[in-house]
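Chemist: Here it is, the structure in full.
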Amino acid sequence: MNTVQQLAGLGQSIWYDNIERGLLDNGAMAGMIARGEIRGVTSNPSIFLNAITKTGDYDAGLLPLIAAGHDAPAIFWELAIEDIRAATDLFRPLYDETNGGDGYVSLEVNPDLAHDTAATLAETKTLWRRVDRPNLMIKIPATEAGIPAIRAAIAAGINVNVTLIFARERYRAVMDAYLSGLEDRVAAGQPIDGIASVASFFVSRVDSNVDKKLQGIIKEGGARAAAAEALLGRAAIANARLAYADFRQVFGDERFARLRAAGGRVQRPLWASTGTKNPAYSDVVYVDELVGPDTVNTVPPQTLAALLDHGVARPTLEQHIAEARRVEAELEGLGISLAEVTADLEREGVQSFKDAFATLLAAVEERRRSAVAAD
């Protein structure tokens, strides 16, 4: 039994934060599923940017679309939807076997719509209809404008992966949107037993941000330097553990109990951005330290390889909540507010995906023009 299978026994599902046509065409992803190494897939604009611009896997698919006169956005969405459909079909047996517990593949809405509720909802519905697979999740960013779109999408019966969550306050709004969406469906007499959602809480970027602030304090020297040094690499895990405590509270109360009785599922926390960015830290620290029931961890290729090689499957979330609260308090004592850090990270995260999407469309447009000129 590999580490991923051991984690599944503890209630945590490992998903793969990567998709590219080569993996779908050469049987590599099918093999990973068959070996029990991955239980779902997530994608985002950065992942598609790398897949389409850094490999030749899409050449055969690009040319007919260019010849048909499609513009760059239409070409991208067609290629992405082809990949997502192929991946959902590979995962369909796992989805059926787990009664919709796993086997999901996520496709993100255009990040340029992150601050437009109506446009986000409209694109969510369009992508859901175009992919037309029950084990699809549409990724909607957890911006202020995204929250009502999440509720409306859930109410419409669409599986949602809420992305770019950094702050616990925003996470609580995400959970409320999910529950409200389910309640809207119940009030309308519609079933809720087939709806699934995850809340993607970003992890490692918190350490990247906080550690820079701590390093600044360390360089100043003095009495605060030792306290700052002791907190290096601890903020992200503490923030995630406190978010998990929030999850347990919200989904353990009477409000959800009523929805569970009607067939509602918990909205699992999904730990995202779990690749280790600081080489001084363990390459599996954001997996090993965030294991608990009803969770998902989506990992990039290098983290999956490390996890399978030397990851440790043991419960680590609920046992350290008090320690997480101490870390938060000690950071505040040094003048570092996790609320402020996570607000900054949300803005940066949205912009990062916007930039990747713009670069992706520019690359597709360049390919399109080159092909047209060659005719």
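Chemist: If I go through region 140-158 residue by residue, how many of them are open to solvent by less than 10 Å² (accessible area, probe 1.4 Å) and within 21 Å of Gly100 (Cβ to Cβ)?
Modeler: First pass over region 140-158, keeping only residues open to solvent by less than 10 Å² (accessible area, probe 1.4 Å): 140-143, 146, 149-150, 153-154, 158.
Then keep just the ones that are within 21 Å of Gly100 (Cβ to Cβ); that gives 140, 150, 153-154, 158.
Qualifying residue count, region 140-158: 5.
Chemist: Go through region 211-262 residue by residue and tally those that are more than 22 Å from the chain's Cα centre (by Cα) and farther than 30 Å from Gly194 by Cα.
Modeler: At the first step, the residues of region 211-262 found to be more than 22 Å from the chain's Cα centre (by Cα) are 211-232, 252-262.
Applying the additional criterion that residues be farther than 30 Å from Gly194 by Cα yields 211-232.
Looking only at that region, the number is 22.
Chemist: If you don't mind, there's one more thing I want to ask. Condition first: open to solvent by less than 10 Å² (accessible area, probe 1.4 Å), part of a loop (DSSP other than H, G, I, E, B) and touching a residue at least 40 places away in the same chain (Cβ under 8 Å). Now tell me which residues in region 108-119 satisfy that.
Modeler: Ala114
Chemist: Hey, among the residues in region 14-37 that are surrounded by 24 or more Cβ atoms within 10 Å (Cβ to Cβ) and farther than 18 Å from Ala80 by Cα, which one's nearest to the chain's Cα centre (by Cα)?
Modeler: Within region 14-37, the match that is nearest to the chain's Cα centre (by Cα) is Trp15.
Chemist: In contact with a Lys or Arg (Cβ under 9 Å, 6 or more places away or on another chain), over 30 Å from Thr55 (Cβ atoms) and either open to solvent by 60 Å² or more (accessible area, probe 1.4 Å) or outside any helix (DSSP H, G or I) (or both), is that true of Thr316?
Modeler: On the way: in contact with a Lys or Arg (Cβ under 9 Å, 6 or more places away or on another chain): yes; over 30 Å from Thr55 (Cβ atoms): yes; either open to solvent by 60 Å² or more (accessible area, probe 1.4 Å) or outside any helix (DSSP H, G or I) (or both): yes.
For Thr316, the condition - in contact with a Lys or Arg (Cβ under 9 Å, 6 or more places away or on another chain), over 30 Å from Thr55 (Cβ atoms) and either open to solvent by 60 Å² or more (accessible area, probe 1.4 Å) or outside any helix (DSSP H, G or I) (or both) - is met.
Chemist: Quick check: is even one residue across region 317-330 among the hydrophobic types (A, V, I, L, M, F, W, C), touching a Ser or Thr at 6+ places or on another chain (Cβ under 8 Å), modelled with pLDDT under 90 and farther than 21 Å from Asp211 by Cα? Don't jump to the end; show me each part of the working.
Modeler: Within region 317-330, the first condition is being among the hydrophobic types (A, V, I, L, M, F, W, C), and the residues that meet it are 317, 321-322, 324, 327, 329.
Okay, now just the ones that are also touching a Ser or Thr at 6+ places or on another chain (Cβ under 8 Å), so 317.
Going one step further and asking which of them are modelled with pLDDT under 90, we end up with none.
No, because not a single residue in region 317-330 is among the hydrophobic types (A, V, I, L, M, F, W, C), touching a Ser or Thr at 6+ places or on another chain (Cβ under 8 Å), modelled with pLDDT under 90 and farther than 21 Å from Asp211 by Cα.
Chemist: Now for a different question. Taking region 62-78, which residues are open to solvent by 10 Å² or more (accessible area, probe 1.4 Å) and either in a helix (DSSP H, G or I) or more than 10 Å from Arg368 (Cβ to Cβ) (or both)?
Modeler: Residues of region 62-78 open to solvent by 10 Å² or more (accessible area, probe 1.4 Å): 63-71, 73-74, 77-78.
Result: Leu63, Pro64, Leu65, Ile66, Ala67, Ala68, Pro73, Ala74, Trp77, Glu78.
Chemist: For residues in region 11-50 being part of a helix (DSSP H, G or I) and among the small types (Gly, Ala, Ser), which is nearest to Val109 (Cα to Cα)? Spell out the reasoning first.
Modeler: Filtering region 11-50 for residues part of a helix (DSSP H, G or I) gives 21-25, 28-34, 45-50.
Restricting the remaining residues to those that are among the small types (Gly, Ala, Ser) gives 22, 28, 30-31, 34, 46.
Numbers: Gly22: 23, Ala28: 26, Ala30: 26, Gly31: 28, Ala34: 29, Ser46: 13 Å.
Ranking the qualifying residues of region 11-50, first place goes to Ser46.
Chemist: Take the residues in region 344-358 that are open to solvent by less than 40 Å² (accessible area, probe 1.4 Å) and touching a Lys or Arg at 6+ places or on another chain (Cβ under 9 Å), then tell me which one is farthest from His70 (Cα to Cα). Lay out the reasoning, then the answer.
Modeler: Just the residues of region 344-358 that are open to solvent by less than 40 Å² (accessible area, probe 1.4 Å), to begin with: 345-346, 349-350, 353, 356-357.
Going one step further and asking which of them are touching a Lys or Arg at 6+ places or on another chain (Cβ under 9 Å), we end up with 345-346, 349.
Values: Leu345: 35, Glu346: 33, Gly349: 29 Å.
Selected residue: Leu345.
Chemist: Please specify each residue of region 38-61 satisfying the condition of being crowded, with 22+ Cβ neighbours inside 10 Å, closer than 23 Å to Tyr286 by Cβ and hydroxyl-bearing (Ser, Thr, Tyr).
Modeler: Thr42, Ser43
Chemist: Among (1) outside any helix (DSSP H, G or I); (2) within 21 Å of Thr316 (Cα to Cα); (3) not aromatic (Phe, Trp, Tyr), which single condition is Ala8 missing?
Modeler: (1)
Chemist: I'm trying to understand the selection: among the residues of region 79-107, which are open to solvent by less than 50 Å² (accessible area, probe 1.4 Å) and in a helix (DSSP H, G or I)?
Modeler: Let us first name the residues in region 79-107 that are open to solvent by less than 50 Å² (accessible area, probe 1.4 Å), namely 79-81, 83-84, 86-88, 91, 94-95, 98, 100-107.
Within region 79-107, Leu79, Ala80, Ile81, Asp83, Ile84, Ala86, Ala87, Thr88, Phe91, Leu94, Tyr95 qualify.
Chemist: All but one of (1) within 15 Å of Asp211 (Cβ to Cβ); (2) open to solvent by less than 40 Å² (accessible area, probe 1.4 Å) hold for Leu361, so report the exception by its number.
Modeler: Answer for Leu361: the failing condition is (1).
The values are calculated or read from the model by the stated rules, or taken from the named source; none is laboratory data. Since we're looking at a predicted model, the values are computed, not measured. As a convention, Cβ positions derive from the backbone with ideal geometry for all residues, glycine included, and neighbour counts pool all protein chains shown. For accessibility, only protein heavy atoms count, side chains too; no ligands or nucleic acids. Shrake-Rupley method; radii C 1.70, N 1.55, O 1.52, S 1.80 Å.
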